[in-house]
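Each remark here refers to the structure printed beneath this line.
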């Protein structure tokens, strides 16, 4: 536990990277020169399947770490041998990708209907904000660990895998697993069947895919293999190895050839083809081969009364000096030498038509940073807990915020605006002292059957801007 203005000590919890290995039946794929990482092809009675994991956020929690035990077992209807989804030792942080399913692997999975799944959760750990009222109100950041558990999830109706490529989504519902005391303080976790939801989606139609059926939005990681037809991206500390193919329509960084991407940190926009292969539409290089990137939540702006010093809770990262042991750890970030041009916003597929040039309502620079915002830091000087990170870029990331709709106004062209009233125990309220954010929806906002009207309880995902007087968010996705 700590007061908000002081750096937290390193939480030395070491775990290996996650890598969902291919099941039996994996054939050669598009990256034929790199067969060890080739996307699998369907064989008899096997279907190309993409495994994705996500997590529903809890208001207080801004970092939720978990290890998925090996293997995940899918139990067929009527009995018989289970289908095993093998996973290596791993460490996942899920709050940073709330309301966005992250891809972990591509594998062949046996066709058929499944009645249940057995999943083991190991060493769950979370970091959250709370208020201590005596002797004077002060915001604290605390860290809580939970116990290992194995849970059976029964499917009703059964989960069916046919012959066409699919996306298998595993959604972990953190709020249902929290254990609290009489004062509302989080004391641990207790995962039950209701804490997990498996679903199967067919690969979506190109141009209309979303996070749960094949879309790749702002997929950041390190290129670990390159061939003449594509590359393999290792994303952050999840350990996932995603084999992307490219063609003449792929946009590569100016002046960079495909072979030059080896060992670079890049950001990929793309989609899943109907045959299950992953296609990279746009590739952006975030730095040289010595570059590191760290994603996380700002907890303090102006640490030690130095305006240019930030405290930053790491949620993911890759490159020199960053490992899975540093997820959940505090870092200091010194932005004093960062020029205005080095600040950027990762909009992904967020509809910013007519808005991106409005620096007044949607600013992101050294003068418009606020505790509670999720950002990504790019550095070429390495990552160390003993000294401040000196970035060469700072990038605003999308995040998910829960609240109650108020002051809803329908706008021309299919847009709308409203205020999202934050829960009193929301980490965003506790860190920033703000009680609401102003949300603008766009014609291309992804509504997931959410009822958006005054009094509705919803979650909104998008980039969160600080104007100096209020939070503004452009809605990428809205869920109930």
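The values are calculated or read from the model by the stated rules, or taken from the named source; none is laboratory data. Worth saying up front: this structure is predicted, and the values here are computed from it rather than measured. When we count neighbours, we look across all protein chains shown, and the Cβ atoms used for this are built from the backbone with ideal geometry, even at glycine.
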Exercise. Look at residue 221 and say whether it is crowded, with 23+ Cβ neighbours inside 10 Å and in contact with a strand residue (DSSP E or B) (Cβ under 9 Å, 6 or more places away or on another chain).
Key: yes
Quiz item: Could you count how many residues in the stretch 235-269 are closer than 19 Å to residue 376 by Cβ, assigned to a strand (DSSP E or B) and at pLDDT 90 or above?
Solution: 6
Quiz item: Hey, among the residues in the stretch 438-460 that are in a strand (DSSP E or B) and more than 21 Å from residue 360 (Cα to Cα), which one's modelled with the lowest pLDDT?
Solution: 448
Self-check item: Residue count for the stretch 411-426, restricted to those that are assigned to a strand (DSSP E or B) and without any contact (Cβ under 8 Å) to a residue 24 or more places away in the chain
Solution: 2
Quiz item: Inside the stretch 25-73, can you point out the residues that are modelled with pLDDT of 90 or more, in a loop (DSSP other than H, G, I, E, B) and in contact with a helix residue (DSSP H, G or I) (Cβ under 9 Å, 6 or more places away or on another chain)?
Solution: 59, 60
Quiz prompt | Checklist (1) out of contact with any strand residue (DSSP E or B) (no Cβ under 6 Å at 6 or more places or on another chain); (2) at pLDDT 95 or above; (3) closer than 19 Å to residue 95 by Cα applied to residue 464, failing item | solution = (1)
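A quick yes/no check of all residues on (1) buried (at least 16 other Cβ atoms within 10 Å of the Cβ); (2) assigned by TED's automatic domain parsing to the domain that holds residue 321; (3) more than 21 Å from residue 327 (Cβ to Cβ); (4) in contact with a helix residue (DSSP H, G or I) (Cβ under 8 Å, 6 or more places away or on another chain):
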| position | (1), (2), (3), (4) |
| --- | --- |
| 235 | yes, no, no, no |
| 249 | no, no, yes, no |
| 263 | no, no, yes, no |
| 270 | yes, no, yes, no |
| 299 | yes, yes, no, yes |
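Would you confirm whether or not the stretch 394-410 contains a residue that is in contact (Cβ under 8 Å) with a residue 40 or more places away in the chain, out of contact with any strand residue (DSSP E or B) (no Cβ under 7 Å at 6 or more places or on another chain) and either assigned to a strand (DSSP E or B) or closer than 30 Å to residue 207 by Cβ (or both)?
No.
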Exercise. Please specify each residue of the stretch 176-206 satisfying the condition of being free of Cβ contacts under 8 Å to residues at least 12 places away in the same chain and assigned to a loop (DSSP other than H, G, I, E, B).
Key: 181, 182, 183, 205
Quiz item: Of all residues in the stretch 68-108, which are without any contact (Cβ under 8 Å) to a residue 60 or more places away in the chain and within 30 Å of residue 475 (Cα to Cα)?
Solution: 97
Practice problem: Please report, ordered by residue number, the strands (runs of 3 or more DSSP E) entirely within the stretch 79-154 with at least 2 residues that are within 26 Å of residue 280 (Cα to Cα) and out of contact with any helix residue (DSSP H, G or I) (no Cβ under 6 Å at 6 or more places or on another chain). | Solution: 102-110
Quiz item: Can you find even one residue in the stretch 159-173 that is closer than 20 Å to residue 121 by Cα, in contact with a helix residue (DSSP H, G or I) (Cβ under 9 Å, 6 or more places away or on another chain) and buried (at least 22 other Cβ atoms within 10 Å of the Cβ)?
Solution: yes
Self-check item: Filtered residues of the stretch 427-437 (kept if in contact (Cβ under 8 Å) with a residue 12 or more places away in the chain and either surrounded by fewer than 18 Cβ atoms within 10 Å (Cβ to Cβ) or outside any helix (DSSP H, G or I) (or both))
Solution: 434, 435, 436, 437
